[in-house]
Each structure stands twice: as structure tokens, then as C-alpha cells.
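All of the numbers you see were taken from the coordinates with simple rules; none came from a lab. Remember, predicted model here, so these are calculated numbers, not experimental data. Methodologically, a virtual Cβ is constructed for each residue, glycine included, from the backbone with ideal geometry; neighbour enumeration extends over all protein chains shown.
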Amino acid sequence: MSKANRNIVIIGNGISGVTCARHIRKKDESAHITIISGETDHFFSRTALMYIYMGHMKYEHTKPYEDWFWKKNRINLKRAWVEKIDFEEKSLIFSNGESMAYDVLVLATGSKPNKFGWPGQDLKGVQGMYSFQDLELMQANTQNISRAVIVGGGLIGIEMAEMLNSRKIPVTFLVRENNFWDNILPLEESKMINRHILEHHIDLRLGTELGEIIGDESGMVKAITTKSGETIACQFVGLTVGVSPNIEFLYAQPSKGSKPLEGFLKEKVLQTNKGIVVDRFFKTNIPDVYAIGDCAEFQEAPASDRKNIEQVWYTGRMHGETLAYNLTSDNPVPYQPGVWFNSAKFFDIEYQTYGFVPANWSEEYESLYWEDAGGKIAIRFLYGKSDMKIKGVNAFRWRLRHDYFDKAISEGWMFEKVLTHLNIASFNPEFFKSHYKAVLDHYNKQKGKSLKVHKESFFKKLIGSRA
Ligand SMILES: Cc1cc2nc3c(=O)[nH]c(=O)nc-3n(C[C@H](O)[C@H](O)[C@H](O)COP(=O)(O)OP(=O)(O)OC[C@H]3O[C@@H](n4cnc5c(N)ncnc54)[C@H](O)[C@@H]3O)c2cc1C
């Protein structure tokens, strides 16, 4: 199909869909680009939803682009829910019955909060936290309540705890694992976050699972029980047990293996698993249909240390950028995931992770962990025992330079080189106490060494010289 004047339709105005649209426009003047979303008129930062609830921001402040941006760049926005896709006719059908044709379709429909079939999970006052509508619901559901229960100890769970805490609503936080997020964080880090959660007067229940959610006669939640038989009275339950690809609306289509609906050809059945199955070029099994962001599932993981489904902000942006490149280039490239990066916040403790730092590691790796005496600042390095090359780093209340660690890990720098250059690898705000010397002293003591902090000239630092 000729690339001129194509009608490219993107379902989803999140980071992946919007990035894809922007980058297509940069390289293709003639494309007709439409972004559809049922959630909001404009793209907003999902990661900032909590700040609206806490009163630090208004919705307007979470929009990375001014409203005029879309018209200026000739990107049409349509506010609607797509109910069905007719892949045969290349047409979308909206919930109001209208339809829209496409030449190229990009599915960027994100995630939805998990529900595991608990009794009472659909009662009033029980909800997940993903969309703008979830935020509005949470605003309504948490008026004048005396206790909330959060189920699930991940990143959205702890955000929800902070949100409720900011409104002085007592929170009981049920975490199935023995320590907070200990399937991702090594034990010392998990324990540090346990302590931090407790310091914020959250009733943290480790090793505790939800039994059922109990409602009153009006269908409103009034309590939960735990699997160990305890009953906790509450008027709000936040379900934050992870997310999964938001592809339910596609189930209205014939799914692979089932009998195709009339009007659909067998080969026009979209292949799905947990997500929409794609190759490294984000192609689905249907020509001219692509999937990116949280809703996409790679047929094969894009790298040995990566998952088939990537559900973070920066990977969504990379998916969008790669697909836009491929849609506008004669030489498509496969997705290169690069060095893993993620960042989050546990109340006042900012967290960054780069590369490979699993919760547990095998004999071939060694780790250096340092925590300050106050137990709120920490850093961990993982490196190869025999090659001494840096593999990854976790940092807590310690801001690291993204470009520095991206390079150090992808190029396999010696761990000791990174350690002696920590002064230039960090960008803690001015007046923050620096701890790089304490970390090096800690290592020297452990290993009986006398490594010194590399002195980088101020000028070199200014021009961004790297080790
Ligand atoms: C509270 C919260 C905090 C988070 N914090 C972080 C963080 O700190 N760091 C990080 O890396 N990641 C974070 N994430 C995850 C991150 O926000 C997601 O990975 C990212 O937003 C996914 O982008 P996306 O473009 O794939 O989809 P989404 O942002 O989910 O956008 C999908 C869009 O598609 C629309 N849509 C879906 N189906 C249809 C349909 N049938 N018709 C019309 N429109 C449809 C949806 O309404 C939505 O607007 C957080 C997520 C949440 C919920």
C-alpha cells in the first residue's frame, strides 16, 4: 500500500498512542492521523493522577501538551469508545453505532486493573485505580469514610495509600508477600520500604491475603475478611493487584480458535493471548494492524531479561517511537528495548532502577548494598563476580543520571569504575548531602581496598564529560 495520504487511526491517547502519532507527523506530512479515546479529550499523564487527588495539581496541569497542539499538528482527536473492529472491512464501530474507516490501525489501549473473582469485588466502594474515571470514582467513594483497605502491595497500592493518607483516612494495607514488593525488590530494600510505610501510620499487614469483601443491604462495602479469619470494618476497598492488557472489548470479536462471527474471515481474527500478540515490529497477525504499549504482548520477549508484556511509561514511549519510525520508513527496524529503567515513589522515597537487579540473584553475581544510618537513602549495585562488570543498580532517595547508567550498563563498564565516579553519576539537587564517599568507604572496608573517588574537574563536569 502506498504511504501517501494514508488514514492512520490510533485507539488510545496514552503515552504510546500519542508518541506514535507525534512521530508519524514529524516524518509524514500527508498522513491523516486520528487518535481515539473514550477516557478523556486530551492526553494526560497517568502517573500524575495521584497528585490531583492530593490537591497538588489540577487535571489541566497533567496535560503535557496545550490543547492547540493537536490542531496545529493536524492530529484529529475523537472522544469515543470503540466497541468493535471489523478487520475485514477495515472499520471501527463506536458504542453509539457510528463507524470510522482506517487504512492502518494502531491498538494502544493500555491496561485495566486486575480482579481475581473475590466475593464482593463488585460492591459499591470497591475499585481499582487506573483511569481518570477511576480517580473521579475514588474522589466520590472516599468522602466521609473512616477506614480504607488496600489489597495488593505494588506501586499503585502504595500510591493509593499515600493518596488516602493525604486526606487523613486511616488505611489498612494487605500485602500477600512477607515484605513489600519483595518479588521485585531485594530483601534489604523491601524491609526499608516496610519501615517507611509504617512510619506513615499505615496499618501494613504483611503476609496477609484478602478472603472476601462484605457488603451491607444497600450493596455498599462494610468490611473485609482476611484468609486468616480477621474481619476489618471499612467503607472503601482499593484493589491494586496488578494490571493486565485492556483487550476485553476485542473479545466481542471472534477470538482465535472460536467460530468466526458472520462477516469475519478466519484469517481476520486478531491473535491475542494475555495481550495482543505482536512481533518485534509491533505487527499483529492482521495486515496493517499494530499494537503498542501496555496492551501489546511480544510473541518472544525482546531481550533475555525482559518480559513479553511491558507496562511502564518509558517503554510505551519507545514502542510508539519505534512503530512511528517503521510506519514512515522503507527500512523498518525491530524494537530494541535497551537497558531496563523504571522509577517510582514510595511516599517520600524516590526509587530508580537501571539494568538487572532482581529480588534474588545467582552465584555468578555479587552485590554491594549501602543504606544510610537513617534508613531512608540506599543504593545497590549488582555486578558479575568474575568479570566485575556492572549489571544494574537500585537507588532510593538518590537520583542517578539516566544517560550515565544507560551507557555504563550497556557498555559493561567495570563496577569499580562506576563506584569511583559516583560523584558525577548522580544529580542530587544542590544542598543535598552526598553519600558517594560513604558508599566507596563501605566497599573498601568490605574488600580491604583503598579506592578513591575520581576527581572530575568542574569544567569537564559542566560540559557533561563522562567517565
Ligand atoms: C496510578 C498509576 C501510576 C503509574 N505510575 C507509573 C510510574 O510511576 N512509572 C511508570 O513507568 N509507569 C507508571 N504507570 C504505568 C503507566 O502509566 C502505563 O504503563 C502507561 O500509561 C501505558 O500507556 P499506554 O499508552 O499503553 O496506555 P494507556 O495510558 O492506558 O492509554 C490507553 C488509552 O486507550 C483508551 N482506550 C482503551 N480501550 C478503548 C476503546 N475500546 N475505545 C476507545 N479508547 C480506548 C483508554 O481509555 C486510554 O485512554 C502508572 C499507572 C497508573 C495507573
Check: Using the Karplus equation 6.51 cos²θ - 1.76 cosθ + 1.60 (θ = phi - 60°), what ³J(HN,Hα) coupling, rounded to whole Hz, does each residue of the stretch 153-164 give in order, writing x for Gly and Pro?
Finding: x, x, 6, 6, x, 6, 5, 5, 4, 5, 4, 5
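Could you sort out which of LYS63/LYS227; LYS3/LYS58; LYS90/LYS345; LYS3/LYS78 sit more than 32 Å apart by Cα distance in this structure?
Details: LYS63/LYS227 42 Å; LYS3/LYS58 40 Å; LYS90/LYS345 42 Å; LYS3/LYS78 23 Å.
From the list (LYS63/LYS227; LYS3/LYS58; LYS90/LYS345; LYS3/LYS78), the Cα-Cα distance tops 32 Å for LYS63/LYS227; LYS3/LYS58; LYS90/LYS345.
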Check: Among VAL106, VAL149, VAL126, what is the fewest-to-most ranking by other Cβ atoms within 10 Å?
Finding: VAL126, VAL149, VAL106
Check: Which of the aspartates and glutamates could a cross-linker bridge to LYS449, judged by Cα under 14 Å and excluding same-chain residues fewer than eight apart?
Finding: GLU416, ASP441
Notebook entry, point to check: With point charges of +1 on the Cβ of Lys and Arg and -1 on the Cβ of Asp and Glu, referenced to the Cα centre of the chain, which listed residue (HIS442, LEU206, GLY242) lies farthest in the positive direction of the dipole?
Noted result: HIS442
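Under a point-charge model restricted to the Cβ atoms of Lys and Arg (+1) and Asp and Glu (-1), what is the dipole moment magnitude of the stretch 341-462 relative to its Cα centre, in debye to the nearest 20?
Computed about the Cα centre, the dipole is about 380 debye.
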Check: Which value, in debye to the nearest 20, describes the size of the charge dipole of the chain about its Cα centre when Lys and Arg Cβ atoms bear +1, Asp and Glu Cβ atoms bear -1, and nothing else is charged?
Finding: 1380
Note to self: Please compute the Kirkwood hydrodynamic radius over the stretch 315-380, one decimal place, Å, based on all pairs of different Cα atoms.
What the structure shows: 15.3
Next item on the list: Please report SER386, SER16, SER367, SER99 as a ranked list, fewest other C-beta atoms within 10 angstrom at the top and most at the bottom.
Entry: SER386, SER99, SER367, SER16
Check: In the chain, with Lys and Arg counted as +1 and Asp and Glu as -1 at Cβ, which of these residues, TRP181, ILE424, HIS319, has the Cα nearest the positive end of the dipole, that is, farthest along it?
Finding: ILE424
Note to self: 7 Å from Cα along Cα→Cβ at both ILE145 and GLN299: what's the point-to-point distance in nm?
What the structure shows: 4.4
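With +1 on the Cβ of every Lys and Arg and -1 on the Cβ of every Asp and Glu, and nothing else charged, how large is the dipole of the stretch 126-241 about its Cα centre, in debye rounded to the nearest 20? Each step should come with its number before you reach the end.
Working: 9 positive and 15 negative charges, 47 e Å.
Once rounded to the nearest 20, the dipole reads 220 debye.
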Note to self: Run the reach check for LYS168 against aspartates and glutamates, Cα to Cα strictly under 15 Å, same-chain hits fewer than 8 apart removed. What comes back?
What the structure shows: GLU159, GLU199, ASP203
Next item on the list: Quick one, can you get me the convex hull of the C-alpha atoms of the stretch 8-99 expressed as volume per residue in Å³?
Entry: 110
Checklist line | Point-to-point label distance, ASP122-HIS61, nm (Cα→Cβ direction, 7 Å offset) | finding: 3.8
Check: Can you run phi through the Karplus equation (6.51, -1.76, 1.60; θ = phi - 60°) for the stretch 272-281 and list ³J(HN,Hα) in whole Hz, with x for Gly and Pro?
Finding: 10, 10, 6, x, 7, 6, 10, 8, 5, 9
Item checked: Taking the C-alpha atoms of the stretch 341-462, convex hull volume expressed per residue in Å³ -> 117
Next item on the list: Determine the relative contact order of the chain: mean sequence separation of Cα pairs under 8 Å and six or more apart, normalised by residue count, in whole percent.
Entry: 13
Notebook entry, point to check: When a footprinting reagent is the concern and you count Cβ atoms within 10 Å, what order do LEU137, LEU419 take, fewest first?
Noted result: LEU137, LEU419
Next item on the list: Could you state, as a whole-number percent, how many of the C-alpha pairs of the stretch 126-241 are farther apart than 21 Å?
Entry: 33
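Compute the FRET efficiency between ILE93 and HIS201 as 1/(1 + (r/R0)^6), taking r as their Cβ-Cβ distance and R0 = 51 Å, and round to the nearest 0.05.
Once rounded, the FRET efficiency stands at 0.55.
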Item checked: Straight-distance crosslink candidates among lysines, where the alpha carbon sits under 20 Å from LYS307 and sequence neighbours closer than 8 are dropped -> LYS112, LYS274, LYS283, LYS391
Check: So between GLU212 and ARG280, what do we pick up on full extension, going 0.36 nm a residue minus the alpha carbon distance?
Finding: 20.4 nm
Check: So what is the relative contact order for the stretch 314-396, in percent, with contacts set as C-alpha pairs under 8 Å and at least six apart?
Finding: 23
Notebook entry, point to check: Which residue, chosen from ASN144, HIS196, PHE87, occupies the Cα position most advanced towards the positive end of the dipole of the chain, where the dipole is computed from +1 (Lys, Arg) and -1 (Asp, Glu) charges on Cβ about the Cα centre?
Noted result: HIS196
Next item on the list: Report the label-to-label distance for HIS32 and GLU416 in nanometres (one decimal), using points 7 Å from each Cα along the Cα→Cβ vector.
Entry: 6.5
Item checked: Rg over Rh [alpha-carbon atoms, Kirkwood Rh] for the chain -> 0.99
Margin query: Multiplying the sequence separation of ASN360 and GLU248 by 0.36 nm and subtracting their Cα-Cα distance, what value in nm do you get?
Written below: 36.9 nm
